[in-house]
Amino acid sequence: MMRWWLVLSVAAGCVAKPPRPAWTKIAGADQPGELTGVRLTWDPDRGEVVLFGGDGPADLSDAMWSFDGTRWAPLCNPCNVRRERPGFVWDGSQLVIFGGGDDAGHYTNTVFDYSDTWTLRDTSGPQPAEQTFSQIVPYHGALWAVGGYASGPLSGVSSLAGKVWNTEANAGDSLASIGMGVTVDTDHDRILALVDAAGNSAEDGVRMYTASTGEWSVVCEPCTGRDRTGGSLVHVPDHDLTLLIGGRSLDNTYPRGTWVLEGDRFARYDDDDHMLPPRREVGVAYDPDRDVVVVYGGASDDCPFCGETWELAL
Amino acid sequence: MRQRWPLLLGLWIFASPVARADDTADLVAKGQDLAKQGAWSQAIIAFKQADAVQPRAQHACFIGLAYLRRELWAQAELYFARCHARATAGDPVPEWTAEAESQLATKLGEENVAAVTIDVTPADLVPTIAITGFLPDETLGRGTVHLAPGHYAISIDAPGYPRATRELDVKDKTPQVIRVALVKPVVTPPLPPPSRAPYYLIGGGLVAGIAGTVLDIAVLQGVRNDLRHSVAAYDANSTKFEVVRGATVTLWVGGAVVAGLGTYLALRAHSDVAVSARVDRDGGAVLIGWSR
């Protein structure tokens, strides 16, 4: 006897109303400690957001943590990298650290790869400047080191394909955020970078690089109407959102709220009732599995080294 | 006694008032001549031909008498019974019949034949009973017939009833009764033509589902993305989202229910159909199962 089944189904997830944009503090998720200038990235192998480094009240952090949405768990501590404000990213196959200051206070341009332990990668080609405030992002099969700070804010850009560095088109402006000021907008195939002079001058701009033109150009300047330094950018590919989070103005005040890129300008994303507290130099990453933006650490007047985890549900 | 029968038959034949000029009379006269010659089978044929032209009691009695001479007792019984059944004032039973039937009764008592009674119900039926070994025109009504040992197939027909058949074995003179209860067939009323309504329901449900999907893709998902764009966009599009979502879900759920109902109606006549619904936080489903 044949048995047949007909299923007519409706998935509620497709029609569920998204939550109203609001930042939520994750209570009890402060294990990495009080840190500013931390780096976050999404690790698809683990399915978790991973955090590296950061400046603590007493010392530089040399630890790496992963976050499951509730608690942070150490992956290595110490990790024997010891870099201050390096670039940190998932390059498509592994976690990578680039640049940053070392224990002796010297800037570096070294690259470390993570596979259970961190190992130094031999590189060749025209090396980027030894630097701190480093930013590195994966783009078109290579790692792109964008800006940074050496003897002053940098605007140089290099790409690392395997072990070979190449010099790319100069960004034409200072890209030296202590936060995470560079992100890849996969929806528009471009790198977006906050103009940041490391607090030496008022900046309120965003630049972009597209592989199709091979050049950097201005997205907006001014973008929000408030200058800032130490801000962070994150792109959310599932929703085509680019968010600007945190930062401090030259007058030592903090621009309020989170901002979203709309074409060639930024608009306020959240509202005052549910915004992230004033922060600069936060680590930020998007968790696609849970559809949330995760922020850790940072600094503000009442929180010189913040040890809090915040999430923005999308 | 047996030696006297040809003489008696000859007397009866010569004394019979059948000298008519028509075909029937000729056939009867021919049968009588054949009988005088002892050609009983051919005489029976002639009498039957006459009987076919004009059924008469006299013809039946002549046939019965001829069968008696052929010592086919059951057939003789049959035709003597027909003779009596047909008899009227204008066509009376011949006078010699009583003597012939007496001879038949004597033979039936002496010979190794069994009285077989075929009892057909309902009692008001007029059955036509055919027995193997009898000619096609030699069917019986209800009653008793004497059969020699052997195997017989009996078929019973009656107007408005399906034919019934029985097998019969006669081994000795033991009387047998065969009871046959004819049953009218159950008349199944013709099925009404299948309704198209279930298929209209299925089609309507599918159309509603497709419309819901089109609405979802073309409008709802766009508004949903707008909600994520910012708080201001969320507040501006919140009501619109809920209205469009309500319409979309209504089309989906309504379409699923209507299509499910149509499928149930279309299949229930032919299958074991089970319909169930499930709703939880992840969505809803209408599950229709059937087996053939």
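Given a Förster radius of 30 Å and the C-beta distance between B:Thr188 and B:Ala218 as r, what FRET efficiency does 1/(1 + (r/R0)^6) yield to the nearest 0.05? Mind dumping the intermediate values first?
On the way: r = 53 Å, r/R0 = 1.75.
Efficiency, from the Cβ-Cβ distance: 0.05.
Size of region A:171-224: Rg and Dmax of its alpha carbons, in Å, are 10.9, 32. Dipole orientation for the protein assembly as shown: of the candidates A:Pro222, B:Gly150, A:Ala198, B:Gly150 has the Cα lying most toward the positive pole (charges on Cβ; Lys, Arg +1; Asp, Glu -1). Between A:His274 and A:Gln127, residue separation times 0.36 nm minus the direct Cα-Cα distance comes to 48.5 nm.
Placing R0 at 60 angstrom, the Cβ-Cβ distance between B:Ser276 and B:Gln37 gives a FRET efficiency of 0.10 after rounding to 0.05. For region A:38-128, calculate the relative contact order in percent as a whole number, restricting contacts to Cα pairs under 8 Å that are 6 or more residues apart. Worked out over region A:38-128, it gives 19 percent. If only the Cβ of Lys and Arg carry +1 and only the Cβ of Asp and Glu carry -1, the dipole of chain A around its Cα centre is close to 400 debye. Of all DSSP-defined beta bridges confined to the protein assembly as shown, some 95% are antiparallel rather than parallel.
Exposure proxy shown here: for A:Thr132, A:Thr70, the number of other Cβ atoms within 10 Å sets the order, fewest to most, as A:Thr70, A:Thr132.
Before anything else, pin down the relative contact order of chain A: Cα pairs under 8 Å, at least 6 apart, normalised by residue count, whole percent.
16
For B:Lys48, the lysines whose Cα comes closer than 28 Å to its Cα, not counting residues fewer than 8 places off in the same chain, are B:Lys30, B:Lys36, B:Lys107.
Peptide A:17-25 is shielded by partner chain Cβ atoms: per residue, an average of 4 of them sit within 10 Å of its Cβ.
For chain B, set up a Gaussian network in which alpha carbons nearer than 10 Å are linked by springs, and say which option among B:Gly254, B:Gly109, B:Gly31 fluctuates the most. Residue with maximal mean-square fluctuation among B:Gly254, B:Gly109, B:Gly31: B:Gly254. Based on C-alpha pairs under 8 angstrom that are at least 6 apart in sequence, chain B has a relative contact order of 10 percent.
Packing, as the average of other Cβ atoms within 10 Å across residues, places the peptides B:167-180, B:76-89 in the order B:76-89, B:167-180, highest first.
Only Lys, Arg, Asp and Glu count, each charged at its Cβ (+1, +1, -1, -1), so figure out the dipole size of the protein assembly as shown about its Cα centre, rounded to 20 debye. I would put it at about 4380 debye.
With pairing defined as another cysteine C-beta under 4.7 Å, the cysteines of the protein assembly as shown that fail it are A:Cys14. In nm², what is the average projected area of the convex hull enclosing the Cα atoms of the protein assembly as shown? The number I arrive at for the protein assembly as shown is 51.5 nm². Size descriptors for region A:17-313 (Cα atoms only): Rg and Dmax, in that order, 17.2, 52 Å.
Of B:Leu168, B:Gln32, B:Ala208, which is farthest along the charge dipole of chain B in the positive direction, counting Lys and Arg as +1 and Asp and Glu as -1 at C-beta? The residue sitting farthest along the positive end of the dipole is B:Ala208.
Counting neighbouring beta carbons within 10 Å and listing from fewest to most, the residues A:Trp216, A:Trp23 come out as A:Trp23, A:Trp216. Length gained on full extension, B:Ser195 to B:Val53: 45.4 nm, using 0.36 nm per residue less the C-alpha separation. Name the most mobile residue of B:Ala52, B:Ala266, B:Ala74, meaning the one with the largest mean-square fluctuation, in a Gaussian network model of chain B with Cα contacts below 10 Å. Comparing B:Ala52, B:Ala266, B:Ala74 in the GNM, the peak value goes to B:Ala266. Distance from the C-alpha centroid of region B:23-69 to that of region B:189-262: 90 Å, rounded to the whole angstrom.
Site pair A:Asn80 and A:Ser115 shows an inter-label distance of 1.6 nm when each label is modelled 7 Å from Cα along Cα→Cβ.
Ordering B:Leu182, B:Pro159, B:Val126 by the projection of their Cα atoms onto the charge dipole of region B:112-185, which places +1 on the Cβ of Lys and Arg and -1 on the Cβ of Asp and Glu, puts B:Leu182 at the extreme positive end. A Förster radius of 22 Å combined with the Cβ-Cβ distance from A:Thr210 to A:Ala73 puts the calculated FRET efficiency at roughly 0.05.
Estimated translational diffusion coefficient (Stokes-Einstein, Kirkwood radius over Cα pairs, 37 °C, 0.692 mPa s) of region B:197-291: 223 µm² per second. Segment B:Ala181..B:Thr128, full-extension length gain: 17.7 nm, with 0.36 nm per residue of separation and the alpha-carbon distance subtracted.
Note on B:Ser230, A:Ser155, A:Ser232, B:Ser155: ascending count of other Cβ atoms within 10 Å places them as B:Ser155, A:Ser155, B:Ser230, A:Ser232, the fewest first.
When only the Cβ of Lys, Arg, Asp and Glu is charged (+1, +1, -1, -1), the dipole of region B:197-291 relative to its Cα centre reaches about 40 debye. Highest GNM mean-square fluctuation among A:Leu75, A:Leu192, A:Leu154, for chain A modelled with Cα contacts below 10 Å: A:Leu75. Inter-chain Cβ neighbour count for B:220-231, averaged per residue, equals 6 (cutoff 10 Å, partner chain atoms only).
Value of Rg to Rh for chain B, rounded to two decimals, is 1.58; Kirkwood radius and Rg both from alpha-carbon coordinates.
Each value in this text was obtained by applying a stated rule to the coordinates, not by laboratory testing. Being a predicted model, the structure only gives us computed values, none of them experimental. Cβ sites come from the backbone with ideal geometry, for glycine too, and all protein chains shown count toward neighbours.
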